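The values are calculated or read from the model by the stated rules, or taken from the named source; none is laboratory data. Everything quoted here is computed from the prediction, not taken from an experiment. So basically every Cβ, Gly included, is an ideal-geometry build from the backbone, and we count neighbours across all protein chains shown. With ligands, DNA and RNA removed, areas are computed over all heavy atoms of the protein, side chains included. Shrake-Rupley method; radii C 1.70, N 1.55, O 1.52, S 1.80 Å.
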Amino acid sequence: MRLRSARCPWGWLALWGLLFWPLAQATEPQVVCASISPFAFEQQGGYRGYAYELGQEVMRRLGYGGQIRVLPLARANRTVQTEANVIGLWVGRIPEREQTVHWLHPILRDAFSVYTLKGQPTAATLEEARRIGLLGANIGAANAIAAQRQGLTRLELINSDDANGRKLLVGRLQGWISVEAAVNYFIRLHGLPDNPFVKGLKLSDYQAWVVASLETDPAIRAQWQTTLAAMEADGSLQRLAERYGVLR
């Protein structure tokens with residue numbers, strides 16, 4: 001009898017684990033990342049990028065079993081702003097979004113400027129930016145909002161920031177509204193021997209943050225904040241930023 005009593009608690013613990021393991025697994029949040037270089041991009045059948053790899057490392061440290069969903073920028077932002085239990089690996093922090101998510105940790109500090117091609121009309125002033133022609137920005141993105149705040153309405157809005165750079169190179173756009181990190185990465189990605197772009201008018205400062213949807217368990221938010229702070233302290237975030245030319 002004593003032998004059975006000694007073994008019984010372990011049996012109950014095993015049974016408890018089997019019953020409640022699915023519930024524990026269900027608390028893992030959906031993790032989404034917007035597909036814009038250098039934050040997340042497809043390469044050789046998989047995804048890479050500053051925010052994507054940052055998310056992978058947090059998930060590894062927290063023991064997650066799920067995968068990161070890479071979505072078009074506007075859809076990724078909408079998902080974390082409207083659905084429950086979602087982590088967004090990077091969202092631009094602007095006044096229009098301030099109350100729509102929980103802001104967990106800053107991962108980029110940069111600025112939106114109007115880039116033009118060398119030898120072509122520049123956009124050093126707001127008036128020049130209004131005159132030069134069509135400007136490239138992104139659907140549902142902070143760069144488009146920054147432009148519209150300044151009265152720049154001749155915009156072509158698409159999902160691909162890389163396409164904006166390519167269109168500017170071939171003359172289908174006259175300006176590209178972007179952050180320095182994205183422009184520098186474009187130059188590296190396409191192996192351009194010299195910088196073909198001229199940095200013009202700064203439209204606004206810009207920060208990107210890891211965020212959580214409003215209806216995310218406070219415990220999950222705390223885990224992500226603690227893990228990101230640890231990555232800040234051990235240099236992981238800075239090393240990733242340097243790999244992708246991101247300003248912090």
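Just to be sure, is Gly175 modelled with pLDDT of 95 or more, under 20 Å from the mean Cα position of the chain (by Cα) and of a type outside the set (Phe, Trp, Tyr)?
no
Hey, among the residues in segment 137-151 that are under 17 Å from Thr116 (Cβ atoms) and in contact with a helix residue (DSSP H, G or I) (Cβ under 9 Å, 6 or more places away or on another chain), which one's surrounded by the fewest Cβ atoms within 10 Å (Cβ to Cβ)?
The residue in question is Gln150.
Within segment 36-54, does at least one residue satisfy the condition of being free of Cβ contacts under 8 Å to residues at least 24 places away in the same chain, open to solvent by 20 Å² or more (accessible area, probe 1.4 Å) and within 18 Å of Gln225 (Cβ to Cβ)?
No: segment 36-54 contains no residue that is free of Cβ contacts under 8 Å to residues at least 24 places away in the same chain, open to solvent by 20 Å² or more (accessible area, probe 1.4 Å) and within 18 Å of Gln225 (Cβ to Cβ).
Look at Gln81 and say whether it is open to solvent by 50 Å² or more (accessible area, probe 1.4 Å) and in contact with a Ser or Thr (Cβ under 7 Å, 6 or more places away or on another chain).
yes
I'd like to check something: does segment 69-76 contain any residue that is open to solvent by 60 Å² or more (accessible area, probe 1.4 Å), in a loop (DSSP other than H, G, I, E, B) and modelled with pLDDT of 95 or more?
No - not one qualifying residue is present in segment 69-76.
Quick test of your reading of the structure: Ser160 fulfils all but one of (1) over 24 Å from the mean Cα position of the chain (by Cα); (2) open to solvent by 40 Å² or more (accessible area, probe 1.4 Å); (3) hydroxyl-bearing (Ser, Thr, Tyr). Name the failing condition by number.
Only one criterion in (1) over 24 Å from the mean Cα position of the chain (by Cα); (2) open to solvent by 40 Å² or more (accessible area, probe 1.4 Å); (3) hydroxyl-bearing (Ser, Thr, Tyr) is unmet by Ser160, namely (1).
For segment 11-32, indicate whether the set of residues that are at pLDDT 95 or above, touching a Leu at 6+ places or on another chain (Cβ under 6 Å) and open to solvent by less than 20 Å² (accessible area, probe 1.4 Å) is non-empty.
Among the residues of segment 11-32, at least one is at pLDDT 95 or above, touching a Leu at 6+ places or on another chain (Cβ under 6 Å) and open to solvent by less than 20 Å² (accessible area, probe 1.4 Å), which makes the answer yes.
Considering only segment 213-241, state which residues are over 15 Å from Leu89 (Cβ atoms) and under 16 Å from the mean Cα position of the chain (by Cα).
Gln238
Select from segment 169-196 the residues that are over 18 Å from Pro38 (Cα atoms) and of a type outside the set (Val, Ile, Thr) and list them in ascending order.
Leu169, Gly171, Arg172, Leu173, Gln174, Gly175, Pro193, Asp194, Pro196
Spot the failing condition for Ala129; the list is (1) in contact with a helix residue (DSSP H, G or I) (Cβ under 8 Å, 6 or more places away or on another chain); (2) crowded, with 24+ Cβ neighbours inside 10 Å, and only one is missed.
For Ala129, the exception is condition (1).
Given the condition aliphatic (A, V, I, L, M) and within 19 Å of Asp110 (Cα to Cα), answer yes or no: does some residue in segment 148-171 qualify?
Looking for residues that are aliphatic (A, V, I, L, M) and within 19 Å of Asp110 (Cα to Cα), one finds none in segment 148-171, hence no.
Conditions first: (1) assigned to a strand (DSSP E or B); (2) out of contact with any helix residue (DSSP H, G or I) (no Cβ under 8 Å at 6 or more places or on another chain); (3) modelled with pLDDT of 95 or more. Trp90 passes all but one, so which condition is the exception?
(2)
Would you say Thr216 is touching a Lys or Arg at 6+ places or on another chain (Cβ under 8 Å) and of a type in the set (S, T, N, Q)?
No.
What's the total number of residues in segment 194-222 that are out of contact with any helix residue (DSSP H, G or I) (no Cβ under 9 Å at 6 or more places or on another chain) and farther than 30 Å from Gln99 by Cβ?
Final tally of qualifying residues: 1.
Tally time: how many residues in segment 122-151 are closer than 22 Å to Pro196 by Cβ and either part of a strand (DSSP E or B) or in contact (Cβ under 8 Å) with a residue 12 or more places away in the chain (or both)?
Final tally of qualifying residues: 15.
Only residues that are out of contact with any His (no Cβ under 9 Å at 6 or more places or on another chain), open to solvent by 40 Å² or more (accessible area, probe 1.4 Å) and part of a helix (DSSP H, G or I): list them for segment 219-241, please.
Ala219, Ala222, Gln223, Thr226, Ala230, Ala233, Gln238, Arg239 - these are the residues of segment 219-241 that are out of contact with any His (no Cβ under 9 Å at 6 or more places or on another chain), open to solvent by 40 Å² or more (accessible area, probe 1.4 Å) and part of a helix (DSSP H, G or I).
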